[in-house]
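Contents: one structure, followed by commentary.
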Amino acid sequence: MGAPPLPWPALEPPLSPPRPSLDLTTGNPYAAVFRAVARREGGRWSAVLPVVAALAAMPLARPVMMGFLDQGRLASGTEGLALRMGALVAAAMAIHTYADLVRSADRPVLDAHPVAPRLLLRAVAARTARQRLSLPIAACIFLLPVGLEGSWTAWAGAAGVVFGAWLSMLGLGFTVHLGGVWAGMSPGLARLMDLVRGDNPRMQAALIYAPGVALAVVGMAVMWAAGGLAWALQGDPRGWAFLAIPPAVGLAGWVAAGPLAERQYVRATALLTEVDALGAATEDPEESRRVYLEWLAGDQRPALLRQLRNAWRAHRTWAFAAWLLGLSGALAGWSDDPDIAARIATTCGGAGLVIAALPTRLVLGDPAWLDAALGVRPRSVLLARATTGLLYAQGALLPAVLTGLFRHGAAAAPALLAVELLTALAALAAAALAARLRHRATLVYGPLAVLAWAALAGAAS
């Protein structure tokens, strides 16, 4: 007799083969985990979209950014443009290296376990390089008219300056931020920290100023490289050697980063904990209840009030950044440039589009289920986020509005109105993208904002 049938049906084969296990015994285990997380989150578009946006924006922004090609000033014009693009890439990398190493979301997870600091630093640096490689590539694509209409030698030199800035900050940024941890906990530097810390806890001052220190060093190296490029384009081949200065600075910084990581990476957790504790202990309860622009919401607009509180408590640096950008807008509005409309559109339009991205950050502070739990209308929340982004952007726009109208009157009014309308549309688009894509909204908003800025600058020129 055969075996009796089983009282349950046979199990179905799996619909798809199981994923291969992650081998953490070979190579760099941190790098393996980072790559696995990147594959799961599907972050490929984050590298592709900025490049596509730069390719589309290049012909639009060419009239206002590369007028020197029409004036026969190839050497000096390429020097200035390469310097600005390199400084922009370096500034972005200064923020990214700080966020990836010091304030990374990985730190709370790793703090509970022993870590190998050098291996972790290499993995973090490799991830940062992989994720931010699109920055210099997009900048070089933006510079293509220099080669197409001027000289490919000049374009290659400008690309060398941009990639040198990227490499320089990639190597030096981690070193300076780790050095900031040492400076924040050094008794010998306590008096200096007290002089520069303002209202911040003493140990936080070093972390606040570390990106600025890194940018100052890299900016000087990029300035030398751009000057050497102009020198070379004027016929002196010795100028090409100056393009090696930024990579050399980055290499020297990277060599120093390893020993610093051994001593300072773990101490950074203690420093951050101490800073947060001191901030909570010294915070004025009355000050903590004040919210930027809260009076515009009142009690009649609860959705707007909620987003304003969310913005001020979690993203108040956006308000400070907006008013800092407003200084450049004020200078643009006060300028004697005969093409004042193009200057306002280029400077203020870019600043407004940057701050109008705030709704893509606000959505991260609201869980996906929160609106349904509170019983609020999604449309009201969307409009409240857009309004918050537009209100914050006024810090970047109002100085230009006041100086532009005072200095130029009706001549500046159309450009200022166009910038305000574009910023409002950008804030609304950012809120709509945030509602639909949540944490991936920035990946779509960024390239769209670049295209919008280039179109505005091109139309105003």
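Find the residue count for the stretch 66-75, including only residues that are open to solvent by less than 30 Å² (accessible area, probe 1.4 Å) and more than 15 Å from A139 (Cβ to Cβ). Matching residues across the stretch 66-75 total 3. Scanning the stretch 233-274 for residues that are of a type in the set (S, T, Y) and touching a Phe, Trp or Tyr at 6+ places or on another chain (Cβ under 7 Å) yields no hits at all. Once the stretch 76-111 is narrowed to residues that are in a loop (DSSP other than H, G, I, E, B) and open to solvent by less than 80 Å² (accessible area, probe 1.4 Å), the residue that is modelled with the lowest pLDDT is D111.
Would you check which residues across the stretch 68-113 are in contact with a helix residue (DSSP H, G or I) (Cβ under 8 Å, 6 or more places away or on another chain) and of a type in the set (G, A, S) and list them? Matches in the stretch 68-113: A75, S76, G77, G80, A82, G86, A87, A90, A91, A92, A94, S104. Selection of first residues in the stretch 396-414 that are under 19 Å from A424 (Cβ atoms) and in contact (Cβ under 8 Å) with a residue 12 or more places away in the chain and of second residues that are open to solvent by 30 Å² or more (accessible area, probe 1.4 Å) and among the hydroxyl-bearing types (S, T, Y), restricted to Cβ pairs under 8 Å at least 6 apart or on distinct chains, gives the following pairs, ordered by first then second residue: A400/T347.
One residue alone among P378, P359 is within 23 Å of G446 (Cα to Cα) and either at pLDDT 80 or above or open to solvent by 40 Å² or more (accessible area, probe 1.4 Å) (or both), and that residue is P359. Screening R343 against (1) in contact with a Phe, Trp or Tyr (Cβ under 7 Å, 6 or more places away or on another chain); (2) free of Cβ contacts under 8 Å to residues at least 12 places away in the same chain leaves a single unmet condition, (1). With respect to T387, determine if the residue is modelled with pLDDT of 90 or more and closer than 15 Å to L325 by Cβ. Answer is no for this residue. G409: on the phi < 0 side of the Ramachandran plot and small (G, A, S), yes or no? Against the criterion (on the phi < 0 side of the Ramachandran plot and small (G, A, S)), G409 does not qualify.
Among the criteria (1) open to solvent by 40 Å² or more (accessible area, probe 1.4 Å); (2) on the phi < 0 side of the Ramachandran plot, the one R438 does not fulfil is (2).
Within the stretch 293-333, the residues that satisfy the criterion of being open to solvent by less than 50 Å² (accessible area, probe 1.4 Å), closer than 26 Å to A412 by Cβ and either without any contact (Cβ under 8 Å) to a residue 12 or more places away in the chain or assigned to a helix (DSSP H, G or I) (or both) are A319, A321, A322, G326, S328, G329, A330, A332, G333.
The residue that is farthest from L390 (Cα to Cα), counting only those in the stretch 274-298 that are of a type outside the set (F, W, Y) and at pLDDT 70 or above, is R290. Being more than 12 Å from L402 (Cα to Cα) and either out of contact with any His (no Cβ under 6 Å at 6 or more places or on another chain) or modelled with pLDDT of 85 or more (or both) is the filter here; which residues of the stretch 324-343 pass it? L324, L325, S328, S335, D336, D337, P338, D339, A341, A342, R343, listed by residue number.
The set of residues from the stretch 218-244 being surrounded by 19 or more Cβ atoms within 10 Å (Cβ to Cβ) and either touching a strand residue (DSSP E or B) at 6+ places or on another chain (Cβ under 9 Å) or among the aliphatic types (A, V, I, L, M) (or both) comprises V218, A221, V222, A225, A226, L229, A230, A232, L233, L243. Within the stretch 341-350, how many residues are open to solvent by less than 10 Å² (accessible area, probe 1.4 Å) and out of contact with any Ser or Thr (no Cβ under 7 Å at 6 or more places or on another chain)? Looking only at that region, the number is 4. Set side by side, the residues A61, A56 differ, and just one is in a helix (DSSP H, G or I), in contact with a helix residue (DSSP H, G or I) (Cβ under 6 Å, 6 or more places away or on another chain) and open to solvent by 20 Å² or more (accessible area, probe 1.4 Å), which is A56. Consider the stretch 406-461. How many of its residues are among the hydrophobic types (A, V, I, L, M, F, W, C) and not in a helix (DSSP H, G or I)? Result for the stretch 406-461: 1.
The set of residues from the stretch 59-98 being of a type in the set (F, W, Y) and under 16 Å from L148 (Cα atoms) comprises just one member, F68.
The values are calculated or read from the model by the stated rules, or taken from the named source; none is laboratory data. All of these numbers come straight from a predicted model, not from anything done at the bench. Counting neighbours? That spans all protein chains shown, and the Cβs are built from the backbone with ideal geometry, glycine included. Surface areas here come from the heavy atoms of the whole protein model, side chains and all, with no ligands, DNA or RNA. Shrake-Rupley method; radii C 1.70, N 1.55, O 1.52, S 1.80 Å.
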